[in-house]
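Asker: Take a look at the following structure, please.
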Amino acid sequence: SYRWLLTMIFTVEEINRDPALLPNLTLGYLAADSCLAEGSTLSAALAMVTGQEEAVTGEQCTRAPSVFPNFLRTIPSDAFQAKAIVHLLSLMGWSWVGVVSGDDAYGISGVQLLLKELEGSDVCIDYLEVIPKSHTLSKIRRIIERIQSSKARVVVTFAISPDMEVFGISLAGTLGFALRQVDIQGLGFYLTQLSPGGQQMQPLTQTVWEEMFGCKFVVESQINPLSGPQCTGLEKMESQEVYFDVIYNVYKAVYAIANAIQDMLNCEPGKGCFGIKNGDVSSLKMVFPPPVSVKLMEISPSALQLPVSVCSESCPPGTRKAVQKGKPVCCYDCIPCATGEISNATVLSVAGATLSGTTLAAFFHHRDTPLVRANNSELSFLLLLSLKLCFLCALAFIGQPAPWSCMLRHTLFGISFVVCLACVLSKTVVVLVAFRATLPGSNVMRYFGPLQQRAGILLCTLVQVVVCVLWLVLAPPVPTESAGGELGARVVLLCAVGSVAGFSLVLGYIGLLASICFIMAFLARKLPDNFNEAKLIAFSMLIFCAVWIAFVPAYVSSPGKYTVAVEVFAILASSYGLLLCIFAPKCYIILLRPEKNIKKNMMAK
C-alpha cells in the first residue's frame, strides 16, 4: 500500500506538470491508512470532506441512490468481473463449477453478482463455500474435502489474497482475471529510488524499509543490541517484486479524478458533465499515452489439455436428456428415445449447406477459367446460393411448432426450390439456344441474354411467391395437436398445412418446373460440347423427380409426426441430387484435373 501512496504522489506531480490538463490549477493530496477495513476507509474519507459534500466510496452498498445519489467510481465495477467469468465458463464449456468466496464485502457481493449473471445461462453451481474469517484448520479442511469430492473440476473464487493463501498448494493452477498491467514511463525508476534518508516521510519510509528487507535501523537512544540484521539504507529496491497491475489502477484513478475536475470546470449550465449512469462505464478512454503492450495471462505449458468440468456427459444419438430429481438442469441421465423417436440431428442439413458454400467459394476463386465461364458463372453462383438455402430450410422443420415456424418452413422450402429450378431451367434453355445460334442466319441468342435470363428467373420465382402469399393469407399452416393411434396417451404438436389446395399448388408448381427442366435437358443431352452440362442436368432432374414422385404417396400415408421426417428427407435428398450431379464433375476438373480446364478441351468435338 505504501507503493500505491507513492504512485498517487507520482501521478499528482505528473498531472501538475502537464500544461494541457488542469491549467492554472494545482492538485494536492491527503493520505490516510485504510487498514484494509471498510469502516476505516469510510471514516477517513468522511474526515477529508466538509459537511456539505458527500463522500465517494467504492463499496457495493454505497450504490443505493437513496444513500449516495451521486456515485462515481475510478475503477471497474465487480459486475464486469462477474460477466467476464460467466462468459469464460460458457466459452470453455465448464457447465458444472464450484464457488468459494471470502466472508467479506468483496466475496459476498461478488457471489451475488455471479449468481445473477448465471441466471439463464448453461452453467450450474455444485457447491458454495465461504472462507471463514477465523482460519481454523478444521474449517479449511472441510472446504478442501468438499472441493475434492465434487465432480466439478473448476472452482470460481471471490476472495482476497490473504484468504486464498490459507489453502496453499491446494488451489494451485488457477486462471484469473487480473488487473491491467502496463509499464508507466518513469514510475518504475521513481519507486526503486526510494531511500529511507531521501524522503520527507522518513519515519514511515523507515518502517516500510524494515518490513520489506527484514532488518532494523539502529536508533541512537537504543540500549539493547539488535536481534536481527541491521538496515544500512543501501539495500536495492530492484530486488523487490512490484505489482504494477494494482499500481496502474491507482495511476488511472488519479487521472480519472483530474479529468473529472476538468470536465466539471468546463461544464455548461443545464448540461451534464459526464454523460454516464450510476458512475459505471463499459470502457474508459485514456487521455495519456496508451501502453505499448498489455500482459493478459499466463497458462502453464505443462497443461496438455483443458480440464473438463460437467455434471453429465453429452447424450449419444438415440438417447435424450432426463434431468435428475433434485439436481440442476446440468445434471441429467441419458435414457433411450421412445419408440418411433430419434434424437435431433442437423448434420445432413449443415453438411449440405457447408458443401454448397465450399463449392461456391471454389467457383468464385476460379471464375475466370474456361469451365466456369462456359457454364454461365452468374447462374451457377445463384444456383449454389439457392441450394444452400434449400439445405438450411430443412432446419425450419426442427423444434416445437409455432405459428411463424409453420408458415416459414413451407414457404421457405417452396420459394428456395423454385429459385433453384428456375436457374437450372435457364441454364438448360441457354445451352439449347446457344447451339441453335451457331446455325447460319440464326439471331435467336439476342432474346436470351443475361438480362432476359434474370427476368425469367424473377418471373418464375414471382409466381411461387404469389401462391405462397395467398396461401398464408387465406389459410396459413398452424400448429395443431395430434393424439391417438400409434401415439397412445401422448399428444404431439404438429404443423397442419392449413389449405391442402395451397400446399398442392406449391408442390405442383415445383413439379411443373422440374418436368420442364428434365424435358429440355433430355433434348440437349447429345449436343457436341465437352462442357455441355445438359447430361448432368438431365440426370439430376431424374433424381429430383423420382424423389418427389415418391414423396407424395409417402407423405399422404405417413401418420402424424412422420410427415415431417418424410418432407425433410425429400428436401435433403433432392438438394444433394442437384448439388452432386451438377457440380461434382466440375469441381473434380477444377480442383483435381486443372489441365482439362482449358479452352481447347471446351471446343473439342
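Asker: Amide H of Val478: which non-local residues (sequence gap of 5 or more, or other chain) have their own amide H closer than 5 Å, using H built in the peptide plane?
Answerer: Hits under the 5 Å cutoff: Ala496, Gly498.
Asker: Each residue of segment 309-316 in turn: what ³J(HN,Hα) in whole Hz from Karplus with 6.51, -1.76, 1.60 and θ = phi - 60°, glycine and Pro shown as x?
Answerer: 10, 9, 7, 9, 6, 4, 6, x
Asker: Which ³J(HN,Hα) values, rounded to whole Hz and listed in residue order, are derived for segment 246-263 from phi using the Karplus coefficients 6.51, -1.76 and 1.60 in 6.51 cos²θ - 1.76 cosθ + 1.60 with θ = phi - 60°, glycine and proline given as x?
Answerer: So the Karplus estimates, Gly and Pro as x, are 5, 4, 5, 5, 4, 4, 5, 5, 5, 5, 4, 5, 4, 5, 5, 5, 5, 5 Hz.
Asker: Taking R0 as 51 Å, what FRET efficiency do you get between Ile108 and Ala565 from their Cβ-Cβ distance, rounded to the nearest 0.05? Don't jump to the answer; show the numbers that get you there.
Answerer: On the way: r = 53 Å, r/R0 = 1.03.
For Ile108 and Ala565, the calculated efficiency is 0.45.
Asker: What ³J(HN,Hα) values, in whole Hz, does the Karplus curve 6.51 cos²θ - 1.76 cosθ + 1.60 give for segment 566-583 when θ = phi - 60°, with x put for Gly and Pro?
Answerer: 5, 5, 5, 4, 5, 5, 5, 5, 5, 5, 5, x, 5, 5, 6, 5, 8, 9
Asker: Counting Lys +1, Arg +1, Asp -1, Glu -1, what net charge surrounds Thr207 among other residues with beta carbon under 13 Å of its beta carbon? Walk me through the numbers before you get to the answer.
Answerer: Numbers: positive: Lys216; negative: Asp33, Glu210, Glu211.
Once positives and negatives cancel, what remains is -2.
Asker: Relative to the present Cα-Cα distance, how much length would full extension add between Ser43 and Leu395 at 0.36 nm per residue of separation?
Answerer: Taking Ser43 through Leu395 to full extension adds about 120.5 nm, to one decimal.
Asker: What is the sum of charges, Lys and Arg at +1 and Asp and Glu at -1, for the other residues whose Cβ falls under 10 Å from the Cβ of Leu113? Present the calculation step by step, with values, prior to reporting the outcome.
Answerer: Details: positive: Lys83, Lys116; negative: Asp78, Glu117.
Neighbour charge sum, excluding Leu113 itself: 0.
Asker: May I pose another question? In terms of modelled amide H atoms, which long-range or inter-chain residues lie less than 5 Å from the amide H of Val156?
Answerer: Gly98, Val99, Val100
Asker: Sketch the reach of a paramagnetic label on Leu128 as a point 7 Å from Cα along Cα-to-Cβ, and name the residues of segment 78-115 whose backbone nitrogen lies under 14 Å away.
Answerer: Those under the cut-off are 97-104, 107-115.
Asker: Also: Taking H as built 1.01 Å from N, whose amide H comes closer than 5 Å to the amide H of Tyr332, not counting residues under 5 places away?
Answerer: It is Ser312, Gln324, by chain and number.
Asker: Note down the net charge around Ser416, summing +1 for each Lys or Arg and -1 for each Asp or Glu among other residues with Cβ under 13 Å from its Cβ.
Answerer: Net local charge, Ser416 excluded: +2.
Asker: Kindly state, to the nearest 0.05, the FRET efficiency for Asp368 paired with Ala20, given R0 = 51 Å and r defined as their beta-carbon distance. Mind dumping the intermediate values first?
Answerer: Working: r = 56 Å, r/R0 = 1.10.
Taking R0 as 51 Å, the efficiency between Asp368 and Ala20 is 0.35.
All of the numbers you see were taken from the coordinates with simple rules; none came from a lab. From a predicted model like this one, the values you see are computed outputs, not experimental measurements. A quick note on method: Cβ atoms are made from the backbone with ideal geometry, for glycine too, and the neighbour counts reach across all protein chains shown.
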